[in-house]
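Q: Mind having a look at this structure? Questions to follow.
The values are calculated or read from the model by the stated rules, or taken from the named source; none is laboratory data. Only a predicted model underlies this, so the values are computations on that prediction, with no experimental measurement involved. Note that we place each Cβ from the backbone using ideal geometry, even for glycine, and neighbour counts take in every protein chain shown. Note: accessible area is taken over every heavy atom of the protein model, side chains too, but ligands, DNA and RNA are not part of it. Shrake-Rupley method; radii C 1.70, N 1.55, O 1.52, S 1.80 Å.
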Amino acid sequence: MPENALPGHALLELDRLTAGYGKGDVLQEVSLAVPAGGIVGLIGANGAGKTTLALAVSGLTRIAGGDIRFDGRSIRRTGSRDIVELGIVQVPQGRLLFHELTVEENLKIGAAPRRARGHCARNLRKVEEHFPILRERRGQRAGLLSGGEQQMLAIGRALMGMPRLLILDEPSLGLAPRIIAQIFRTIRHIHAEGVTVLVSEQTIQHVLGVADYAYVLEQGRIRCSGTGAALRDEDAVRQAYFGRAARDRPATHSDSAHSDSAHSRPTHPWPTHP
């Protein structure tokens, strides 16, 4: 387990992970741990490698070195479908919904894992408790939803799979402050129900407001880590996140049109079938 990580059993552990696309490596010997029952943040600017890390854990990009362990078992060579069956479910950046399908159809696609198939109705009710607007929009096509409603649907689809580990890749991207606050309140509620969470963000205050512990990723490497309280005043976070020339500039979503954009990667890396 990485130094200074939270104590306890690591549900997810990255051990000197190197990963990328084609012949290029985006992540360089990244080590981090997500304890069972915890909520861990991953902070980094555009191009830092946050999306690459999420895709690597989900079995959706090339791993060049190191290891990924889930519940003590190496999943480095495990296929993406089997990773989902183990309980790792991702809410990808950009949501990647099936826009021509209804809200209900998108949610039911999320119930594809074997352990979730017999609990579809119950899980659907639970998702609608988290996001009541989805109950009202059940028969509406996903492509007609607002951006905030689409993000709620993407999170709901992931919850339909009964995740043990929920990975959220920049859930606040492009959303209004009021909707962001609602999304992060829901993340807290999901965590309180016993789901382990890894959430990556560019917006520091959102992550540090919910995470037990966080890592700062800079140019594919872990720059520093600590509890939310410790990182709020950490100068290394300001330098790693904003850079030397603009370390006092507040974060904005205009800086984050595409995660890991400095590196070539598939436009739609998420599987197109359940």
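Q: Pull up all non-local amide H partners of Leu60: gap of 5 or more, or a different chain, and H-to-H distance under 5 Å with H placed in the peptide plane.
A: Under 5 Å from the amide H of Leu60 lies no amide H from a residue far enough along the sequence or on another chain.
Q: Here's another thing I want to ask about it. On a full-extension model of 0.36 nm per residue, what is the gain between Arg221 and Ala176, subtracting their alpha-carbon distance, rounded to one decimal in nm?
A: 13.2 nm
Q: If you don't mind, another one. Within straight cross-link reach of Lys50, meaning Cα distance under 23 Å, which lysines are found once same-chain residues fewer than 8 apart are removed?
A: The qualifying lysines are Lys23.
Q: Could you order Glu136, Glu201, Glu149 by accessible surface area, starting with the largest, using a probe radius of 1.4 Å?
A: Glu136, Glu149, Glu201
Q: Per residue of the range 196-208, what does 6.51 cos²θ - 1.76 cosθ + 1.60 with θ = phi - 60° give for ³J(HN,Hα)? Whole Hz please, x for Gly and Pro, Karplus curve as stated.
A: Rounded to whole hertz, the list is 6, 10, 10, 10, 9, 8, 8, 7, 4, 5, 5, 5, 5.
Q: Right, next: What does the convex hull of the alpha-carbon atoms of the range 96-178 project to on average, in nm²?
A: 5.4 nm²
Q: Please list, ordered by chain and number, the residues whose modelled amide H lies under 5 Å from the amide H of Cys224; skip anything fewer than 5 residues away on the same chain.
A: Amide H neighbours of Cys224: Val216.
Q: Of Ile75, Leu27, Cys120, whose Cα points farthest to the positive end of the dipole of the range 1-140 (charges on the beta-carbon: +1 Lys, Arg; -1 Asp, Glu; origin at the Cα centre)?
A: Cys120
Q: List, largest first, the extents of the alpha carbons of the range 1-102 along their principal axes, each in whole Å.
A: 46, 33, 28
Q: Counting other Cβ atoms within 10 Å, keep those with at most 14, restrict to DSSP loop, and tell me which trypsin sites (Lys or Arg not before Pro) in the range 48-141 are left.
A: Working: sites: Lys50, Arg62, Arg69, Arg73, Arg76, Arg77, Arg81, Arg95, Lys108, Arg114, Arg115, Arg117, Arg122, Arg125, Lys126, Arg135, Arg137, Arg138, Arg141; in loops: Arg76, Arg77, Arg95, Arg137, Arg138.
Answer by residue number: Arg77, Arg138.
Q: Still on this structure: By how many nm would the segment from Glu129 to Arg114 grow when fully extended, if each residue of separation counts as 0.36 nm and the alpha-carbon distance is taken off?
A: 3.1 nm
Q: Calculate, axis by axis, the spread of Cα positions in the range 60-199 along the three principal axes, and write the results as whole Å, longest axis first.
A: For the range 60-199, the Cα extents along the three principal axes come out at 44, 34, 31 Å.
Q: Given a 1.4 Å probe and heavy atoms of the protein chains only, how would you sort Asp67, Asp25, largest accessible area at the top?
A: Result of the area sort, largest leading: Asp25, Asp67.
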